[in-house]
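J.: Take a look at the following structure, please.
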Amino acid sequence: MWHRALKLPQRRFRVPAKMLQAQNHKGLYQAVGNMPQLWDDVRSSLDNPTASRAENSRRQSLLEVEHKRNWKKTKPISRVHGLHVKQQDISNRISEKERELEQLKYAQKLVQLQISESNGRNPTLQNMTPWMTPQSQMCVDQWKVENFNWSPQVRSKLEELFHLKNFWPKQLEAINATMSNQDVLLITSTGGGKSLCYQLPALLSTGVTVVISPLVSLIEDQVLSLRKRGIAARMLTSRTSPDEALCIYDDLQSNHPEIKLLYLTPEKISKSKKLMSQLDKCYKAHNLSRFAIDEVHCVSQWGNDFRPDYKYLGILKRQFRDVPIIGLTATATNKVTEDTKNILNISDAVVLRAPLFRSNLFYEVRAKPDTHQKVVKDISDTVKLSFNGESGLVYCLSRRNCTDVCKGLQSHGLSAAVYHAGLTSEEKTETHQKWINNEIKILCSTVAFGMGIDKPDVRFVIHHSMSKSIECYFQESGRAGRDGHPALCLLYFGYSDVFRLSSMVFTQTFGPENLEKMLEYCQSSNACRHRFIGRHFGDESDTCKCTGMCDVCSGFRAKISHDITEACRALLAIVKASRGNDLTGRQLIIKARQGGTENPELKRYTKEKLQSIVLYMLQKQYLSKLYCFTSYDKVLYLVPGPKSHDLKAGKVQMDFYVAKRPRETIYKKRFCNKLTPIVKTST
Ligand SMILES: Nc1ncnc2c1ncn2[C@@H]1O[C@H](COP(=O)(O)OP(=O)(O)OP(=O)(O)O)[C@@H](O)[C@H]1O
């Protein structure tokens, strides 16, 4: 092999052996082309008098290749592994551009339609009422009326069957739009009452409403609760027996199907030809009234939960043209919404976005203590301070974390249990039931537990580690306080979690981008948490009236600005000095704390402060992350970032936050009166 022929010190280069098996100097060059250190070695080995002529000529040709490449002018992009990142980045950008192109085409189509309408040549648009045109986005309030033919029945069903008095934001609009056979995308916060928006119309429409929902357990819960109310709801899932399936198919074929709501998983739609042919028959008999797609953001790769089977749902509009679709989600940015419309072929859908602000949730980000014991103690103190004996969730990154945290909480005298994919289904059901019935107060769980939890009195959702995206965090934390009473959403922001999560999401399509945004949320200690989340989802309206319901607005902390220029320079110098033997985030802190004469500046800072500075340097791109694959794992190293040169001249100010008022005072004020719900604006 070439590296051996050249007697190069292999240990210095983390290059997969496969790539080093290059047959000629071009291959080797491609394999290690971006490693300046290697060229230095080749150059110095040329001076070796003991080398044979053949060896020397091979080294010479390598140097010639290097020369042609004009190494010095070319900025080293990254290492071989970095090329993978770059390639992925390019393909991401290509798909983004493709989507933008699609959107532009759509916009062009709209303009053409409007032009032909004004020329009186387009019958489609002429037949539409004004509020049915795509511009209806601008006047969604027109759906917020109760003078449709079906309005009296909507009211009576709401009160008599669902025992509800008023509509929550955007419920009435969604019901009216879908009853008018419009395609609808409804985005409301978790617990915003999305189910009502297709369940109630299903009862007022002729035929069957097909509901597509991602989880079998969720489907079972919904069907059970509808059947308890005497509503003809059925499900077709992997757990449905053949006899039962036969009955359902017979009913779909009948002239007057009894089923009002048929629940399916997206896999069923994409895999069962039999089902599709039955739905087709039902459609041709005018008995298919609408499709409701729950967690519709799973359609889009931009979303946090992309599911390939959801993408297949584009077939619905192609096969059943006149059947309206209503998609529902709690987490869709504008980008996801547009993508979803394109994929589902519902470009004219009415998009209804309820304000995401939930005034009863107190959002807080807290620096994670550096040992497991201290974290558990902090959680336990927080629970005992304001939520003793109340129900809550602690989300952890791994099953092991769940077990450790659970044991820790139990040792502090709290009632806790674990819930994760490692439990048998009986154990899961038992634990879930005990938690629902308040026999167990705290569930330490992975994010696998959550979708469809409809427990109203969850008083706190604590994230032991941050989530992978704002979308995930909003959905997970949103399980708190569904009853409208005050509840806490606390997130522990830890230095090592940043690196751990970065390695986990690195290979996911939009993983690194989404994590970056989550990091921004954790680090932005001067922007209202509610507003940050709202803006992320495109809610630019002024509906966020936080009034002290987050750590930033409640004035917990005081800001102290520090000049950290010298510290940044010293940290960057350490990173630069170790090139070729790169440092992980943890190693950098250890080196920085060892200090030495060359880094006296760094001794002024505590470990926690140094960690904050390193994260700040990553945020400002003075440092970058470099991902490397070893045989067993992915390792993340720190390297100088694209903006590291700015450190030479400019000054860097960083805000540190110190406690101003005791947390107890704030908590007392926010959570003492948990019995008074903070009511949603209703219609
Ligand atoms: N208008 C209303 N008034 C009072 N309660 C309501 C109203 N609409 C829905 N609810 C209640 O709110 C709770 C949550 O409703 P639902 O499960 O439909 O929310 P969701 O938006 O689907 O939540 P998730 O995003 O978690 O799936 C239910 O218990 C439901 O009965």
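J.: Check whether at least one residue in the stretch 560-569 is in a loop (DSSP other than H, G, I, E, B), open to solvent by 30 Å² or more (accessible area, probe 1.4 Å) and of a type in the set (S, T, N, Q), and report yes or no.
T.: no
J.: Could you check R353 against (1) surrounded by 23 or more Cβ atoms within 10 Å (Cβ to Cβ); (2) within 16 Å of the ligand (Cβ to nearest atom); (3) under 17 Å from T178 (Cβ atoms) and say which number it fails?
T.: In the conditions (1) surrounded by 23 or more Cβ atoms within 10 Å (Cβ to Cβ); (2) within 16 Å of the ligand (Cβ to nearest atom); (3) under 17 Å from T178 (Cβ atoms), R353 misses (1) alone.
J.: Right, something else. Could you please find all residues in the stretch 229-285 being buried (at least 21 other Cβ atoms within 10 Å of the Cβ) and basic (K, R)?
T.: R234
J.: For the stretch 264-283, indicate whether the set of residues that are more than 16 Å from the ligand (Cβ to nearest atom), touching a Gly at 6+ places or on another chain (Cβ under 9 Å) and over 26 Å from H297 (Cα atoms) is non-empty.
T.: yes
J.: Tell me, which residue of the stretch 163-190 that is open to solvent by 20 Å² or more (accessible area, probe 1.4 Å) and within 12 Å of the ligand (Cβ to nearest atom) is farthest from L356 (Cα to Cα)?
T.: Restricting to residues being open to solvent by 20 Å² or more (accessible area, probe 1.4 Å) and within 12 Å of the ligand (Cβ to nearest atom), the top hit is H163.
J.: Could you please give the count of residues in the stretch 570-585 that are surrounded by 13 or more Cβ atoms within 10 Å (Cβ to Cβ) and basic (K, R)?
T.: 1
J.: Being under 24 Å from I187 (Cβ atoms) and crowded, with 20+ Cβ neighbours inside 10 Å is the requirement here; does C550 meet it?
T.: The answer is yes for C550.
J.: Next question. Applying the selection to the stretch 488-499, what residues are surrounded by fewer than 22 Cβ atoms within 10 Å (Cβ to Cβ) and within 16 Å of the ligand (Cβ to nearest atom)?
T.: Restricting attention to the stretch 488-499, the residues satisfying the condition of being surrounded by fewer than 22 Cβ atoms within 10 Å (Cβ to Cβ) are 492-497, 499.
Within the stretch 488-499, no residue meets the criteria.
J.: Let me ask something else about it. State whether the residues of the stretch 610-631 include one that is open to solvent by 90 Å² or more (accessible area, probe 1.4 Å) and either assigned to a loop (DSSP other than H, G, I, E, B) or not hydrophobic (A, V, I, L, M, F, W, C) (or both).
T.: Scanning the stretch 610-631 turns up at least one residue that is open to solvent by 90 Å² or more (accessible area, probe 1.4 Å) and either assigned to a loop (DSSP other than H, G, I, E, B) or not hydrophobic (A, V, I, L, M, F, W, C) (or both).
J.: While we're here: If I filter the stretch 641-670 down to residues being of a type in the set (G, A, S) and more than 28 Å from the chain's Cα centre (by Cα), which single residue comes out as surrounded by the most Cβ atoms within 10 Å (Cβ to Cβ)? Spell out how you get there, then give the answer.
T.: Residues of the stretch 641-670 of a type in the set (G, A, S): 641, 644, 649-650, 659.
Then keep just the ones that are more than 28 Å from the chain's Cα centre (by Cα); that gives 644, 649-650, 659.
Values: S644: 20, A649: 7, G650: 11, A659: 9.
My answer is S644.
J.: Name every residue in the stretch 500-523 that is assigned to a loop (DSSP other than H, G, I, E, B) and either open to solvent by 20 Å² or more (accessible area, probe 1.4 Å) or modelled with pLDDT of 85 or more (or both), in order of residue number.
T.: In the first step, residues of the stretch 500-523 are kept if they are assigned to a loop (DSSP other than H, G, I, E, B); the result is 506-510.
T507, Q508, T509, listed by residue number.
J.: For the stretch 521-533, state whether one or more residues are touching a residue at least 60 places away in the same chain (Cβ under 8 Å) and within 27 Å of S91 (Cβ to Cβ).
T.: yes
The values are calculated or read from the model by the stated rules, or taken from the named source; none is laboratory data. Worth saying up front: this structure is predicted, and the values here are computed from it rather than measured. In this analysis, Cβ positions are derived from the backbone assuming ideal geometry, glycine residues included, and neighbour counts consider all displayed protein chains. All accessible areas refer to the heavy atoms of the entire protein, side chains included, with ligands and DNA or RNA removed. Shrake-Rupley method; radii C 1.70, N 1.55, O 1.52, S 1.80 Å.
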